[in-house]
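S.K.: Pasting in a structure now, in structure tokens, and then I'll have a few things to ask.
Every number in this text was worked out from the coordinates using simple rules, so none of it is lab data. Owing to the predicted nature of the structure, the values given are computational and were not obtained by experimental measurement. Cβ coordinates were reconstructed from backbone atoms using ideal geometry, including for glycine residues, and neighbour counts include every protein chain displayed.
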Amino acid sequence: MPRRVYFTTPIYYVNAEPHIGHLYTTVVDDTLKRFHRLLGDDVYFLTGTDEHGEKIAQAAEREGISAQALTDRVSGLYSSAWRTIGIDFDDFIRTTEPRHKRFVQEILAQVHAAGDIYFDEYTGSYCVGCERYLTQTELVDGKCPDHKTEPKQVKEANYFFRMGKYRERLIAHLEANPDWIRPERYRNEVLAFLRAPLEDLCISRPKTRLTWGIDLPFDDRFVTYVWFDALLNYVSALASPTGRGEDLRERYWPVCNHVIAKDILKTHAVYWPTMLMAAGLPLPARIDVHGYWLAGDSKMSKSLGNVVRPLAFDEQFGIENLRYFFFREMKFGSDASFTYELFIERYNADLANGLGNLMSRVATILAKKGGVIPARPAEGEAERALATLAAEVVRDYPGAFEARQFHAAVDGVRRLLAAADGYINEQQPWRLAKEPASAAELDRVLWVGLEVVRLAALLLSPIMPRKCREILDTLGERRALDGSVPFAELSAWGGLAAGFKLGEVPRLFPRIDDKRLAEVGVEAAPVPAPAATEAKPAKAKPAAAEPSAPAEPITIDDFAKIELRVGQILGAETVEGAKKLLKLAVEIGEAKPRQVFAGIRAAYPDPQVLVGKRVILVANLKPREMKWGRSEGMILAGSGEGRLAIATFEGELVPGDRVS
């Protein structure tokens, strides 16, 4: 049955331009909206900007402009950036809008009339960065733990909200609803905070100190504390939605899902629910809390500065590729690290060499025989195994999204693509294309390859909507992803559009190499070459009638010194002047492929049959300078009685995985 779901981001404070932290939270909500729409749910998505408070007034004063002018400019940067990169929000709320101000004053008047707001004088430690009073238990060595500054001692008469009155009720809600805050450790953090008495909250600022805010409806000498103002946006936007005459509170508020970063957990899990209780409003359905994106050690581009800016990244590397990285790399709730090197490794391994390479390899062969997608073929054991895996991935996909285990959903797609890659390597359609008698067999292999591409694009479409739509259109999958076609029907094995003629296959995921990085000023870290005793290539031994005796035993510690990685051969060619060597480009999940010279030419006179194979690479072998270039590792092979074959993989391992 279709459900109703309402997703919100925090409204972003306009003292900074959009960066990777803002982008991640917004992309999570955008992806969740697209996922639920794919399932046919009724979904609504709100974002916006928080525009009042002392920091905004001070920033405007420094620039010599009005606070309104400053907020207009920065809020415009957010809304235009989100639209440019394809964020599909339903409403964008600004706290300076009349609809929001009106609602805030209505709630303040209601709570004041109920006796939950009172006037008192208070002396405390005030942090301008936090825009709130800090308790002594919150201070670390007398300083704000977040801003590392000593708060000002302020004695002031203000209005206070009886927040402590609702402490026991909030604890009861948390205990009765164990998944109200996810992951669980953040719920436990809130419960630990609530074990101590909950102080009342100062909710005003005197105009003698600050005028930039919403006037209290019962005392115009004061403006509203920024958090009491800002948090009400989640409801005020539904009460007066942009471009819609109807009040959406009854429709969407009971199914509200807040997505926030962990730094604003207390305001959303303590301040906000007690405010709602005082106002007689239901609590949101859920609060999902994510970790921080940390800056790694990579050298960033001068053009981008020391943070990732969404529009600049979109222009240089493609925002949808970053969206994929977000969900592939971060385990929701935990911190994760962003570096350009890591982004490029994941992009090249998963998108350029994975999804993009699979589509290109299969579609290129199909194009040479007319480009028409064949009818669904009779399936053998190998095809049925892929279909079974696809069904498992599709089955687990909705649950991973619902549990906010986005990385697990991506891993499922990666497993499917890896299995399809192994299937293609085993079936060798490039060989079948040369044998007229194998036409039916070739059609079967090409159909299977393209069907996996279709399913992968469908499942990744909430994460990379534009690129996946282009893939699906290329394959003739023109059905809408808005719930009008049931997800079970879209994701069923066998949905490939038979008889559709492929047009030009887009190159959606070109590899990012050092040259491209240099063009935008990003320097990739060199391929690591851990110290190791140099080993010269072993000379081929004459075939023996009897197997040679085992080598001298080694210990597990000796073996542990060898780092074996799964590699995928991206390119293979003969070496002029070297009768035994092939030059291989081997992907192991690094910023660029390894160049490896291997003495296997006699076994593989046509080097192209190696392309796509997954091999075992000795990754920490000291690089060796050869006459023809630098060799950066060694692939493992077996030999005996004139036979030679490289060691390859079955199963679902991907480039960069360890071999042990």
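S.K.: Where does each of 53-61, 564-572, 242-250, 374-382 land if you order them by average Cβ count within 10 Å, highest first?
M.R.: Numbers: 53-61: 18.7, 564-572: 22.9, 242-250: 11.3, 374-382: 13.1.
Top of the packing list down: 564-572, 53-61, 374-382, 242-250.
S.K.: A follow-up question, please. Could you work out how much longer the chain between Arg384 and Gln136 gets when fully extended? Use 0.36 nm per residue separation minus the Cα distance between them, nm to one decimal.
M.R.: Numbers: separation 248, 0.36 × 248 = 89.28 nm, distance 6.47 nm.
My answer for the length gained is 82.8 nm.
S.K.: Please compare each pair in Lys368/Lys434; Lys369/Lys467; Lys368/Lys583; Lys55/Lys148; Lys515/Lys579 to a cut-off of 20 Å on the Cα-Cα distance and tell me which ones are over it.
M.R.: Details: Lys368/Lys434 11 Å; Lys369/Lys467 26 Å; Lys368/Lys583 27 Å; Lys55/Lys148 16 Å; Lys515/Lys579 32 Å.
Where the Cα-Cα span goes over 20 Å, the pairs concerned are Lys369/Lys467; Lys368/Lys583; Lys515/Lys579.
S.K.: Search the structure for amide H atoms under 5 Å from the amide H of Gly483, placed 1.01 Å from N in the peptide plane, and list their residues when 5 or more places away or on another chain.
M.R.: Gly40
S.K.: Given the C-alpha atoms of region 4-290, compute the convex hull and give its volume per residue in Å³.
M.R.: 137
S.K.: Given a Förster distance of 30 angstrom, what is the FRET efficiency for Glu121 paired with Arg195, based on the Cβ-Cβ distance and rounded to 0.05?
M.R.: Details: r = 28 Å, r/R0 = 0.94.
Efficiency, rounded to the nearest 0.05: 0.60.
S.K.: Follow-up. On a straight-distance basis, which aspartates and glutamates could pair with Lys33 in a cross-link, Cα separation under 18 angstrom, same-chain partners fewer than 8 positions away excluded?
M.R.: Of all the aspartates and glutamates, those that pass the test against Lys33 - Cα under 18 Å, at least 8 places apart if same chain - are Asp41, Asp42, Asp88, Asp90, Asp91, Asp288, Glu320, Glu402, Asp482.
S.K.: Another one. Going by amide H atoms built from the backbone, whose H comes under 5 Å of the H on Val615, apart from near neighbours?
M.R.: Gly567, Gln568, Ile569
S.K.: Could you list which residues have their amide H under 5 Å from that of Ile214, counting only those 5 or more apart in sequence or on another chain, with H placed in the peptide plane?
M.R.: Excluding prolines and chain starts, which carry no amide H, the hits are Thr224.
S.K.: Shifting gears a bit: Percent antiparallel among DSSP beta bridges with both residues in the chain, to the nearest 5?
M.R.: Numbers: 50 of 74 bridges.
Just about 70 percent of them are antiparallel.
S.K.: Same structure again: What label, among (1) -0.44, -1.00; (2) -0.38, -1.08; (3) -0.41, -1.21, belongs to log10 I(q)/I(0) by the Debye sum over Cα atoms at q = 0.06, 0.10 Å⁻¹ computed from the structure on display?
M.R.: After the calculation, the listed value that fits is (1).
S.K.: Given R₀ = 51 Å, FRET efficiency for Ala647-Ala488 by Cβ-Cβ distance, to 0.05? Working shown, then result.
M.R.: Values: r = 40 Å, r/R0 = 0.79.
With R0 = 51 Å, the Cβ-Cβ based efficiency is 0.80.
S.K.: Right, another one. With each pseudo-label sitting 7 Å past Cα toward Cβ, what's the Glu576-Ser639 distance in nm, one decimal?
M.R.: Going from the Glu576 label point to the Ser639 one covers 2.7 nm.
S.K.: In whole Hz, with x marking every Gly and Pro, tabulate ³J(HN,Hα) for region 132-141 from phi via Karplus 6.51 cos²θ - 1.76 cosθ + 1.60, θ = phi - 60°.
M.R.: So the J values, rounded to whole Hz, are 7, 7, 9, 7, 5, 6, 7, 6, 10, 6.
S.K.: Would you kindly calculate the mean projected area, averaged across all directions, of the convex hull enclosing the Cα atoms of region 307-397, in square nanometres? Show your work: numbers first, answer last.
M.R.: Working: hull surface 36.1 nm².
Dividing the Cα hull surface by four gives the mean projection, 9.0 nm².
S.K.: While we're here: With each label point set 7 Å from Cα along the Cα-Cβ vector, what nm distance links Asp146 and Glu106?
M.R.: Result for the modelled spin labels: 2.9 nm.
S.K.: Another question, then. Using per-residue counts of other Cβ atoms within 10 Å, averaged over each peptide, order 437-444, 224-231, 200-207 from highest down.
M.R.: Working: 437-444: 16.0, 224-231: 25.1, 200-207: 20.5.
Listed from highest to lowest mean packing, they are 224-231, 200-207, 437-444.
S.K.: Something else about it: Express in whole angstrom the spacing between the alpha-carbon centres of region 140-167 and region 330-397.
M.R.: A separation of 52 Å, based on Cα centres.
S.K.: Would you list, by chain and number, the aspartates and glutamates whose Cα falls below 12 Å from the Cα of Lys155, excluding same-chain residues fewer than 8 positions away?
M.R.: Reachable aspartates and glutamates: Asp120, Glu121.
S.K.: Sort the following peptides by mean Cβ neighbour count (other Cβ atoms within 10 Å, averaged over residues), highest first: 90-103, 595-608.
M.R.: 90-103, 595-608
S.K.: Another one. For the chain, which DSSP H helices look membrane-span-like by this rule: Cα extent along the axis of 24 Å or more and mean Kyte-Doolittle of at least 0.5? Provide the component values of the computation, followed by the final result.
M.R.: Values: long enough: 20-38 (26 Å, -0.16); 67-84 (25 Å, -0.29); 381-402 (33 Å, -0.04); 406-427 (32 Å, 0.02); 439-460 (31 Å, 1.35).
In the chain, the long hydrophobic H runs are 439-460.
S.K.: Could you derive backbone 3J(HN,Hα) for region 592-601 from the dihedral phi with the Karplus parameters 6.51, -1.76 and 1.60 (θ = phi - 60°), listing whole Hz in sequence and x where the residue is Gly or Pro?
M.R.: With the stated coefficients, region 592-601 comes to 8, x, 7, 9, 10, 9, 10, x, 10, 4 Hz.
S.K.: Got a sec? How would Arg251, Arg195 order by Cβ neighbour count within 10 Å, fewest to most? Spell out each step's value before the answer.
M.R.: Working: Arg251 14, Arg195 9.
Ranked by crowding around the Cβ, least crowded first: Arg195, Arg251.
S.K.: Calculate one ³J(HN,Hα) per residue across region 257-262 by plugging θ = phi - 60° into the Karplus curve 6.51 cos²θ - 1.76 cosθ + 1.60, and present them in order as whole Hz with x for glycine and proline.
M.R.: 10, 7, 10, 9, 8, 5
S.K.: Mind checking which lysines have their C-alpha under 18 Å from Lys101, skipping anything on the same chain fewer than 8 residues away?
M.R.: List returned: Lys207.
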